[in-house]
Amino acid sequence: MQLLSKPDYLEALAASRDARIGWWREARFGMFIHFGLHTLIARNEWAMAIEDFTVGEYEKLADSFCPKPGAPRQWAKLAKEAGMKYMVLTTRHHEGFSLWDSAANPYNSVNYGCHRDIVREFVDACREFDLKIGFYSSLMDWHHPDGGRCAYDGEARKRFTDYIYAINRELLTQYGKIDILWYDVAWPLDSDEGWNTLEINQRLRALQPDIIINNRSRLPEDFGTPEEHLTATEGDWEACMTFNGISWGYLDSAQAQPYSYNAQQILRMLCRVSGSGGNLLLNIGPDREGNVPAEAVAPLQTIGKWLAVNGEAAYGKRERGSYTINGLCSTTVMNNAIYGWFWLWPGKEVTLGGVVSKLKRASFLTTGDAIEFTQDGHRVRLKNMPEKGPDAIANIAVIKLEFDEPVRIIRGSYRPALHKGKEYQPAE
Ligand code: GLC
């Protein structure tokens with residue numbers, strides 16, 4: 001295979017990106033699954049390292065790894081119900097245990113415990129529910145003898161990067177079309193040369209030409225991955241979030257419950273990322289049986305019901321940038337329309353400020369009903385609305401404002417130049 005230089009590779013990626021990543025820009029919302037031997041410990045997926053397990057001690061867990069049949073199907077079913085469009089599974093977390101039938105890594109779920117290919121079950125479930133398929137793949141490996149040694153021993157480094165290539169090659173050849181390769185933790189090597197990423201990723205991409213790859217193998221690849229925060233990065237990006245701010249892996253449900261997000265908090269995250277042109281990859285850590293943790297089920301179902309009605313405000317390739325038009329709502333913008341997600345309901349009337357473009361129509365996404373309005377310069381007044389917000393699912397009503405031109409929002413009070421004399425002059 002003819003390998004490209006780094007600049008040529010990055011250029012080729014940029015040139016093909018729109019075609020490869022289009023579906024993902026529309027999707028906006030995905031499910032992250034952290035599942036592995038750490039699930040049995042239930043004290044964070046880093047337990048092996050944090051608690052100084054020896055490899056021998058930790059390996060013993062493998063015999064007890066036995067999720068109930070059909071668990072991945074349960075995850076995919078819930079993801080679908082929640083309005084998510086894709087899933088990413090930890091096929092092998094830092095602990096080094098592979099959840100598939102791997103020749104390169106005999107420490108896997110087919111040789112131990114339940115003797116099942118969980119990745120296969122996951123892939124089948126994603127396909128059944130029409131969800132795009134993502135494989136998380138750790139670069140760090142606490143089980144592999146060269147996982148640490150590769151940092152200072154050239155031969156170990158060669159063996160280890162060959163191993164990384166081999167396991168990912170298996171993942172990208174044994175399961176048909178795969179949509180996302182989600183690398184994690186490029187430790188202990190601190191450059192793409194160290195990891196041989198340029199070559200490995202080109203070889204892997206040749207196996208799955210449409211795949212998108214995240215930015216954690218020390219090359220920027222296709223998209224950024226802010227973790228546990230929602231800050232937009234340059235280009236395409238996806239915020240990955242735990243369900244409770246404490247752990248990606250399973251934690252005792254009853255105790256994790258008070259720290260877990262509710263539907264409203266998750267919808268606020270989704271609004272924020274979608275409004276800034278990003279995606280939300282929301283994690284669940286199933287329990288040892290593979291059950292979705294109880295605290296995640298109801299919020300996700302609520303979100304799915306809400307998105308079935310209000311999805312227009314969240315999905316789709318949209319303009320980057322959300323505008324403040326009223327203190328009770330946040331907004332997303334798409335195709336000459338602005339969507340105000342009302343976290344609190346203002347009552348019968350509300351004033352929206354800074355609206356430069358001429359408003360054509362205002363309506364509730366919930367019902368499609370038009371809302372009466374007047375527009376006086378930059379101020380829009382919505383009138384005769386119901387006393388209580390019209391959304392019965394999550395109590396978050398969305399008001400859609402449609403314009404004949406791309407939305408323009410300007411805060412007059414911050415721009416003295418827009419004021420002539422005493423009176424505020426809305427026209428520029
Ligand atoms: C981290 C953690 C890890 C988790 C990941 C998800 O870097 O090491 O446990 O899987 O982030 O983004």
Angle between the chain longest axis and helix 6-27 axis [Cα atoms, degrees, rounded to 10]: 60
GLU193 versus ARG408: modelled label distance in nm, points set 7 Å from Cα along the beta carbon direction: 5.1
Simple Cβ-charge dipole of the chain, Lys/Arg +1 and Asp/Glu -1, about Cα centre, in debye nearest 20: 1640
Zone of LYS360's modelled label, taken as backbone nitrogen in the stretch 315-349 under 15 Å from a point 7 Å along Cα→Cβ: 334-339
Orphan Cys of the chain, criterion: no other Cys C-beta under 4.7 Å: CYS126, CYS150, CYS240, CYS271, CYS329
Residue-span extension gain [SER5 to GLN301] - 0.36 nm each, minus C-alpha spacing: 101.9 nm
Share of Cα-Cα pairs in the stretch 1-156 lying beyond 28 Å, as whole percent: 34
C-alpha long axis of helix 71-81 to longest principal axis of the chain, angle in °: 10
For ASN279, residues with placed amide H under 5 Å, excluding near neighbours: TRP237, GLU238, ALA239
Counting all C-alpha pairs of the stretch 329-419, share separated by more than 20 Å (%): 32
Extension gain, GLN174 back to GLU26 (0.36 nm per residue minus Cα-Cα distance, nm): 50.6 nm
Between the stretch 288-358 and the stretch 103-128, the alpha-carbon center distance in angstrom: 37
Per-peptide average of other Cβ atoms within 10 Å, ordering 37-44, 399-406 highest first: 37-44, 399-406
Translational D in µm²/s for the stretch 110-165 (Stokes-Einstein at 37 °C, 0.692 mPa s, Kirkwood Rh from C-alpha pairs): 240
Rounded to 10°, Cα long-axis angle of helix 263-275 versus longest principal axis of the chain: 80
The chain - Rg over Rh from alpha carbon coordinates, Kirkwood radius: 1.04
Cα extents of the stretch 294-339 along the three principal axes, largest first (Å): 38, 24, 17
Value of D in µm² per second that Stokes-Einstein yields for the stretch 26-116, Kirkwood Rh from Cα pairs, at 20 °C (1.002 mPa s): 151
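Computed from the coordinates by the stated procedures, all read-outs in this text should not be read as laboratory data. Model, not experiment: these values are computed from the prediction. Every residue, glycine as well, gets a Cβ built from its backbone with ideal geometry; the counts of neighbours run over all protein chains shown.
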